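Below is one structure, written out as structure tokens; comments come after it.
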Amino acid sequence: MTKSEQLFERAVKRIPGGVNSPVRAYGAIGEAPRFIDRADGCHIYDVDGNEYIDYIDSWGPIILGHNFPAVREAVVEASKKGLSFGAATEIEVEMAEFITERIPHVEMVRMVNSGTEAVMSALRVARGYTKKNKIIKFAGCYHGHTDAMLVSAGSGVMTAGVPDSAGVPEGCTKDTMTATYNDLASVRTLMESAPEDVAAVIVEPVGANMGVVCPKPGFLEGLRALCDEFGALLIFDEVITGFRLAFGGAAEYFGVTPDMVTYGKIIGAGMPVGAYGGKREIMQMVAPVGAVYQAGTLSGNPIAMAAGLTQLKYLYEHQEIYKELEAKGEKLYCGMQQILEEKGIKYQLNHIASLGSLFFTEEEVKDYASAKTSDTKAFAE
Ligand SMILES: *Cc1c(COP(=O)(O)O)cnc(C)c1O
């Protein structure tokens with residue numbers, strides 16, 4: 001038995017499923033997860049001494065590679081001053097200034113501790129600001145595990161969300177409507193079903209949680225126009241794409257301006273950080289200045305800010321990194337494509353910049369339904 005297998009045996013007795021987040025459990029692969037010992041640069045080492053090239057990078061945050069010296073030093077230095085104060089610190093101001101001075105559609109920002117919290121808070125603010133109730137999301141897009149976002153994808157357009165998890169009451173999802181990714185007509189149908197009551201449309205500007213599904217030309221622009229037409233806010237969930245597709249995320253990459261954005265993953269450089277932001281007028285709704293309550297004991301934690309801000313500064317000052325990432329993505333995905341062609345395997349390979357995924361299907365993958373036609377057994381193999 002490997003050390004990973006031994007650890008997993010112990011873990012499942014004390015932690016549900018043996019992991020602190022389901023995606024780590026290797027359920028689809030049917031093996032014990034590898035337990036990680038350490039990582040450096042692009043290499044990651046498990047407790048059995050195996051070395052891997054890390055294509056996960058903690059799901060995005062480690063965009064500069066593991067153990068990046070400037071980030072590590074920033075964490076060490078900050079930790080000497082204390083871990084948390086539950087009071088305001090200078091680095092929170094620096095973080096907010098750094099982001100808002102460089103990302104035009106983020107005039108004000110509030111730090112939280114995860115992407116889930118960022119989404120949960122942004123939705124509350126959108127509802128508070130518009131005084132409307134309904135939220136439109138897209139089947140296959142993931143926005144964290146807040147109650148209102150845990151709706152089943154079902155088939156096609158849905159005007160009232162059905163809980164996709166035990167423990168979520170119908171009352172929490174009834175105002176969540178589900179549209180089809182890349183299908184503006186489905187969004188219009190939902191808007192017209194409640195023309196006075198849609199607070200926001202939330203979207204992954206590149207779908208990255210159903211495999212990678214790129215927005216078709218005009219899709220994001222069309223969402224912008226529909227939101228304007230019906231007086232709803234457009235929220236880009238940039239938890240994956242923010243500071244990754246480009247420094248200014250998908251909004252910069254595609255040139256479409258959302259009213260609000262949510263960040264996570266990369267913004268913390270591997271520390272637990274999320275953030276939401278947007279137009280000043282909207283963000284002024286947030287407590288203590290406004291009537292929408294949102295708080296956090298550890299929000300803006302100085303160690304987390306030190307890590308995140310150092311990484312953001314490095315990315316901003318070295319934007320050639322984004323071209324390099326795109327070139328590396330191109331090389332990887334084109335290489336895969338060549339092999340698949342040689343083997344005569346039916347596939348779809350969606351990719352954009354450093355994001356990409358392989359589907360074993362003949363159908364064009366443009367939404368959740370087509371993503372689900374992929375042969376997951378083949379993928380697991
Ligand atoms: C990961 C993710 C979240 C949730 O972030 P957590 O930090 O895991 O809570 C939300 N939205 C998107 C698009 C994500 O990829």
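Observations on the structure shown:
- Euclidean distance of C-alpha centroids, the range 101-170 and the range 213-279, integer Å: 13 Å
- Accessible-area rank, largest first, for His105, His143, His318: His318, His105, His143, with all protein chains present and a 1.4 angstrom probe.
- Compactness index (Cα Rg / 2.2 N^0.38 Å), the chain: 0.99
- Neighbour net charge for Met111 - beta-carbon separation under 13 angstrom, K R +1, D E -1: -3
- Relative contact order, percent, the chain [alpha-carbon distance under 8 Å, six or more residues apart]: 18 percent
- Lys, Arg +1 and Asp, Glu -1 on Cβ, resulting dipole of the range 1-54 about Cα centre, debye, nearest 20: 360 debye
- Of all accessible heavy-atom area on the range 273-381, the percent that carbon and sulfur account for (1.4 Å): 53 percent
- Arg110 - accessible surface, heavy atoms, 1.4 Å probe, Å² rounded to 10: 70 Å²
- Put a plus charge on the Cβ of each Lys and Arg, a minus charge on the Cβ of each Asp and Glu, and nothing anywhere else: the dipole of the chain about its Cα centre is then about 740 debye.
- Legend: residue pairs Lys13/Lys265; Lys137/Lys331; Lys81/Lys328; Lys13/Lys372; Lys265/Lys346; Lys328/Lys377, Cα-Cα distance threshold 31 Å; pairs beyond threshold, Lys137/Lys331; Lys81/Lys328; Lys13/Lys372; Lys265/Lys346.
- Percent carbon-and-sulfur accessible area, the range 115-172, ignoring ligands, DNA and RNA, probe 1.4 Å: 52 percent
- Separation of the Met336 and Trp59 label points, Cα + 7 Å toward Cβ, nm: 1.9 nm
- With the charge dipole of the chain set up from +1 on Lys and Arg Cβ and -1 on Asp and Glu Cβ about the Cα centre, the Cα lying farthest toward the positive end among the listed residues Tyr347, Thr178, Ser121 is that of Ser121.
- Fraction in percent of alpha-carbon pairs per bin - 5 Å, the range 120-199: 3, 17, 27, 26, 20, 6, 1
- Remark: accessible surface ordering of Glu204, Glu90 (largest first) is Glu90, Glu204, probe radius 1.4 Å.
- Burial ranking of peptide ranges 70-79, 19-28 (average Cβ count within 10 Å, highest at the top): 70-79, 19-28
- Of all beta bridges that DSSP places with both ends in the chain, some 60 percent have antiparallel geometry.
- Helical content alone sets the calculated 222 nm signal of the chain at -10500 deg cm²/dmol, taking -39,500 (n - 2.57) per DSSP H segment of four or more residues and averaging over every residue.
- For the range 144-283, the mean projected area of the C-alpha convex hull, equal to one quarter of the hull surface, is 9.0 nm².
- Accessible heavy-atom area order of Ser58, Ser357, highest first, probe of 1.4 Å: Ser58, Ser357
- Heavy-atom accessible surface of the chain, averaged per residue, reaches 49 Å², computed with a 1.4 Å probe.
- Rolling a 1.4 Å probe over the protein heavy atoms of the range 1-54, with every protein chain left in place, gives an accessible area that is 51 percent carbon and sulfur.
The values are calculated or read from the model by the stated rules, or taken from the named source; none is laboratory data. Here the structure is a predicted model, which is why all the values come from computation and not from measurement. Backbone-built Cβ (ideal geometry, glycine too); neighbour counts: all protein chains shown. These accessible areas exclude ligands, DNA and RNA; they are computed on the full protein's heavy atoms, side chains included. Shrake-Rupley method; radii C 1.70, N 1.55, O 1.52, S 1.80 Å.
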